[in-house]
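S.K.: Submitted below is the structure of interest, expressed as structure tokens.
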Amino acid sequence: MNKAFFLTLSLAIATTLSAMGAGNVFKVDNPDSKLSPYTGMTRRHWIEADKYLLEGAFGHIRSLDDPMYFDRLGNVCYPKDNSRVRGATLEGMCRTLFLASPLLREDSTLTINGIRLADYYRRQLSLLVDPDSKQYVAHRGNRGPCQDLVEFGALGISLFICGDVLWEPLPKATRDSLYSMIESYADGPTIPQNWRFFNVFPMSFFKSKGYEVNDSLLVKYVRLLQGDYRGDGWYLDHPNYDFYSMWAYQLYGELWARFFGREHYPELAAQFEKNFAEMYRSYPRMFGRDGHMPMWGRSNMYRFAAAAPLAWGDGINYGWMRRIASGCLLQFLQNPDFIYADGVPTPGFYGLFDPVLQGYSCRGSVYWCAKAFLPLMLPESHPYWSDTENEGFWAGMKAGEVDNLWLPGPKMLITNYANSGAAETRAFCDYDTERRGAEKFRGSEQYNRLAYNTLFPWMADGKNGEVAMAYVVKNAKGQWEPMRRYTTTGYADGTLHRTVWLQSDKRFTMSLADKTLPDGMMRSDSVTGCATPTTLRLGHYALPERDTPIKEATISLKNGLKAYTIYNGRHSLALVPIKGWGKVEYVRTEGLHPETRFAETINATADVNGPTELKTLMLFKEGQFDRKSIEKAIKQL
């Protein structure tokens, strides 16, 4: 953050920004090494982190009437003109309320930047039904599903949390007007995926307050949501598996059961809770040993919302869940690029990064991350806050061990590496990006990588064939096209088997076999169909270039093999072409990596004109590779 701006903002804010350090990076003051030996984070620190984010948002607010609107950044997010400013304002208000609601539940007098939060949000609710206000939202009328519905779903959750503070003090006429307007959206059409919850929560809240709602539609949407469950703790958020299965389906289902379902629809609530309990077998293992999450799927600007469901189970390892959640939170709050100069999180993964964004998001969308703070509803005596941090599953792993968890329901493989502490996810991608109305991001790098690793966030594809952890093929137009039409055919003996075909030419097909090793993977892939001569490239993961240039080294091995390695001062990557490859090159990129301006990967290239066997050893580790460590990996094949 610009120091001059930071000083100005600090002086303008009435509360002291005690949680903010140099560069506006969150600091864990007086860490508790006894209760939280890995992160130092306790419930008190989570409250400080919550206020830290609220201080940034309320740095834009000077009166109760001010809209919660933040200026657009980058080239992807809306609003690109004035037509959707009101919608972005609603997002900012409803999503920052996720930060405020658990704190207001505990302290209704909370004040940030001289603004009493309860007064502010009550005023904003009133403005939603004031026709003379810029924040005014009209009845749905004949509109179909829209972003307003999403935000009213979020509002419904927050009103369950702190309705005594925000809802009850409103005049009855205002409450009735809000009911009438919001219910016009809730009792209406939706999108057949997690969006149904955005109808369910407002209807459930209003029913709990004695208002008339469409009970049959409420139950219908709940049953349809439960119909998206595929087993092993995972829901299909049509058409993809991603974090929406967790920060939406699982979290919302469990909260709905607690807030409303157990009392009104106990059988439906029990089903959500059964599915929720099954989540703990796999989902915590998607996070690295340090609690870091992988960059995977759409809406990654929500970041640590990925940790939101972890606290809510019964009889679980609460100390491990909090260790994951705190590690995931600090993954971002302690990154200097996370908070922009205006005090609001950047749209991106760490800093601003357009390739990870979708056009349905605005600047205020980032506060969907605030769902991670909802466990502050739990008292300090709850075991989620009182149990000592531990490493759970990781504590039982031995050096050199690699553990695979195959989930037949979603056909997903989760791999944990003891040596590096990395977690790796392989999930299916099979999306037609050429169909009419296609959301192309669903077949992009966010889903089409061969694997997603907590140590190595994905690098965007370059126009010249630069690629990381994926295959790209030169298509008939002379463009480098990523493989994205995958089918997972099975898992056996530590190997995941898939097939894939090229979107622009179904005649180009491959079979893929990923065998995990203690420090990486052995790829035994084959081109099984190729109608015309072409070229394909395979990329390793990518390393961000940090303080010094990345070191490249080619190491001669036994049997005439060569290892191509890169090292950025923290981690090393090694690629050994074993069969079928022609050229191997080091590829330095600019503007394609989410962590730094420059990054580097290793690409192997092959010219093919028919069935071709391709074998590749791909390794990664903390520190630097040498000949001995690579030949040791080869012996393990």
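S.K.: Given the peptides 109-116, 517-524, arrange them by the average over their residues of other C-beta atoms within 10 Å, most packed first.
M.R.: By packing density, highest mean first, the sequence is 517-524, 109-116.
S.K.: Which shape class, rounded, prolate or oblate, goes with region 444-510 when its Cα gyration tensor gives a ≥ b ≥ c as root eigenvalues, a/c under 1.5 marks rounded, and past that a/b bigger than b/c marks prolate?
M.R.: Working: a/c = 2.76, a/b = 1.20, b/c = 2.31.
It is oblate, given that a/c is not under 1.5 and a/b is not larger than b/c.
S.K.: Then there is this: With point charges of +1 on the Cβ of Lys and Arg and -1 on the Cβ of Asp and Glu, referenced to the Cα centre of the chain, which listed residue (Asn240, Pro284, Val213) lies farthest in the positive direction of the dipole?
M.R.: Result: Asn240.
S.K.: Considering only protein heavy atoms, with the full assembly of protein chains and a 1.4 angstrom probe, order Thr589, Thr612 by accessible area, largest first.
M.R.: Greatest to least solvent exposure: Thr612, Thr589.
S.K.: Tally up the carbon and sulfur contribution to the accessible surface of region 203-257 as a whole percent, 1.4 Å probe, everything protein left in place. Before the final figure, lay out the partial values.
M.R.: On the way: 740 of 1550 Å².
It is 47 percent, rounded to a whole number.
S.K.: May I ask for the angle, rounded to the nearest 10°, between helix 196-208 and the longest principal axis of the chain, with both axes built from Cα atoms and the value confined to 0 to 90°?
M.R.: 20
S.K.: Right, something else. Could you size up the charge dipole of region 269-423 around its Cα centre, putting +1 on the beta carbon of Lys and Arg and -1 on that of Asp and Glu, and report it in debye to the nearest 20? Show your work: numbers first, answer last.
M.R.: On the way: 12 positive and 13 negative charges, 69 e Å.
The dipole of region 269-423 has a size of about 320 debye.
S.K.: Sorted by packing (mean other beta-carbon atoms within 10 Å per residue), highest first, where do 168-174, 453-459 land? Please report the intermediate quantities before stating the final value.
M.R.: Working: 168-174: 11.9, 453-459: 25.4.
In descending order of packing, they fall as 453-459, 168-174.
S.K.: For the chain, take every pair of Cα atoms, bin their distances at 10 Å starting from 0, and report each bin as a whole percent.
M.R.: Histogramming the chain at 10 Å steps yields 3, 16, 26, 26, 17, 9, 3, 0, 0 percent.
S.K.: Let me ask something additional. So what J values fall out for region 375-382 if you push phi through Karplus, 6.51 cos²θ - 1.76 cosθ + 1.60 with θ = phi - 60°, rounded to Hz, Gly and Pro as x?
M.R.: For region 375-382, the Karplus curve yields x, 5, 5, 6, x, 4, 7, 5 Hz.
S.K.: Also: Report the relative contact order of the chain, percent, no decimals, based on alpha-carbon pairs under 8 angstrom and at least 6 residues apart.
M.R.: This gives 11 percent for the chain.
S.K.: Can you bin region 524-637 into rounded, prolate or oblate? Criterion: square roots of the alpha carbon gyration tensor eigenvalues sorted a ≥ b ≥ c, rounded for a/c under 1.5, prolate for a/b above b/c, oblate for the rest. Provide the component values of the computation, followed by the final result.
M.R.: On the way: a/c = 2.55, a/b = 1.32, b/c = 1.94.
Since a/c reaches 1.5 but b/c is at least a/b, the shape of region 524-637 is classed as oblate.
S.K.: Heavy atoms of the protein only, probe of 1.4 Å, neighbouring chains included. What is the accessible area of Arg122 in Å², nearest 10?
M.R.: Arg122 has an accessible surface of roughly 50 Å² with all protein chains in place.
S.K.: If you add up the charges near Lys558, with Lys and Arg at +1 and Asp and Glu at -1, over every other residue whose beta carbon is less than 12 angstrom from its beta carbon, what do you get?
M.R.: +4
S.K.: Once neighbouring chains are kept in place and the probe is 1.4 Å, which whole percent of the accessible area of region 352-398 is contributed by carbon and sulfur?
M.R.: Values: 780 of 1430 Å².
Heavy-atom surface of region 352-398 belonging to carbon and sulfur, 1.4 Å probe: 55 percent.
S.K.: Just reorder Lys477, Lys440 by solvent-accessible area, largest first, 1.4 Å probe, all chains present. Kindly include the intermediate steps, with their values, before the conclusion.
M.R.: Details: Lys477 170, Lys440 120 Å².
Sorted by accessible area, descending: Lys477, Lys440.
S.K.: For Asp337, what accessible surface area do you get with a 1.4 Å probe? Give it in Å², rounded to 10.
M.R.: 70
S.K.: So, one more: Can you send over the solvent-accessible area of Leu536, 1.4 Å probe, protein chains only, in Å² to the nearest 10?
M.R.: 0
S.K.: Rounded to the nearest 20 debye, what is the charge dipole size of the chain about its Cα centre when +1 sits on each Lys and Arg Cβ and -1 on each Asp and Glu Cβ? Numbers along the way, then the final one.
M.R.: Details: 73 positive and 70 negative charges, 286 e Å.
My answer is approximately 1380 debye.
S.K.: When all C-alpha to C-alpha distances in region 66-208 are sorted into bins of 10 Å, what percent of pairs does each bin hold, rounded to whole numbers?
M.R.: It works out to 11, 42, 36, 10, 0, in whole percents.
S.K.: Also: Which value, in Å², gives the accessible area per residue of the chain when a 1.4 Å probe is used on the protein heavy atoms?
M.R.: Details: 23240 Å² over 637 residues.
Per-residue accessible area for the chain comes out at 36 Å².
S.K.: From the Cα gyration tensor of region 472-546, with a ≥ b ≥ c the square roots of its eigenvalues, which class applies: rounded if a/c is under 1.5, or else prolate if a/b is larger than b/c, or else oblate?
M.R.: Details: a/c = 2.51, a/b = 1.27, b/c = 1.98.
Here region 472-546 falls in the oblate category.
S.K.: Hey, any idea what the orientation-averaged projected area of the convex hull of region 411-477's Cα atoms comes to, in nm²? It would help to have the intermediate numbers written out before the result.
M.R.: Numbers: hull surface 23.0 nm².
Reported value for the Cα convex hull: 5.8 nm².
S.K.: Return the FRET efficiency for the residue pair Glu622, His238: r is the Cβ-Cβ distance, R0 is 30 Å, and the value is rounded to the nearest 0.05. Provide the component values of the computation, followed by the final result.
M.R.: Working: r = 38 Å, r/R0 = 1.27.
E between Glu622 and His238, to the nearest 0.05, is 0.20.
S.K.: Round to a whole number: what % of the accessible area of region 423-501 belongs to carbon and sulfur, probe 1.4 Å?
M.R.: On the way: 1330 of 2950 Å².
Carbon-and-sulfur percentage of accessible area, whole number: 45.
S.K.: Less than 10 Å Cβ to Cβ from Val129, Lys/Arg counted +1 and Asp/Glu -1: what total charge do the surrounding residues give? Let's see the in-between values first.
M.R.: Numbers: positive: Arg175; negative: Asp130, Asp176.
After counting each charged neighbour, the total is -1.
S.K.: Okay, next question. Just the ratio, please: alpha-carbon radius of gyration of region 244-386 over 2.2 N^0.38 Å, N its number of residues. List each step's numbers first, then the result.
M.R.: Numbers: Rg = 15.7 Å, N = 143, 2.2 N^0.38 = 14.5 Å.
Relative to the rule-of-thumb radius for its length, region 244-386 sits at 1.09.
S.K.: While we're here: Which of Ile555, Phe58, Pro375 sits closest to the plus end of the dipole of the chain, meaning its Cα is farthest towards the positive end, when Lys and Arg get +1 and Asp and Glu get -1 on the C-beta?
M.R.: Selected residue: Ile555.
S.K.: If you take the C-alpha gyration tensor of region 325-484, multiply each eigenvalue by 5 and take the square root, what semi-axes do you get, largest first, in whole Å? Could you put the intermediate results ahead of the total?
M.R.: Working: eigenvalues 205, 114, 49 Å².
Equivalent ellipsoid of region 325-484: 32, 24, 16 Å, largest first.
S.K.: Considering only C-alpha atoms, what is the centroid distance from region 231-289 to region 291-343, in Å?
M.R.: Here the answer is 17 Å between Cα centres.
The values are calculated or read from the model by the stated rules, or taken from the named source; none is laboratory data. Everything quoted here is computed from the prediction, not taken from an experiment. No Cβ is skipped: glycine too gets one built from the backbone with ideal geometry, and neighbour counts run over all protein chains shown. These area figures cover heavy atoms from the full protein model, side chains too; ligands, DNA and RNA do not enter into them. Shrake-Rupley method; radii C 1.70, N 1.55, O 1.52, S 1.80 Å.
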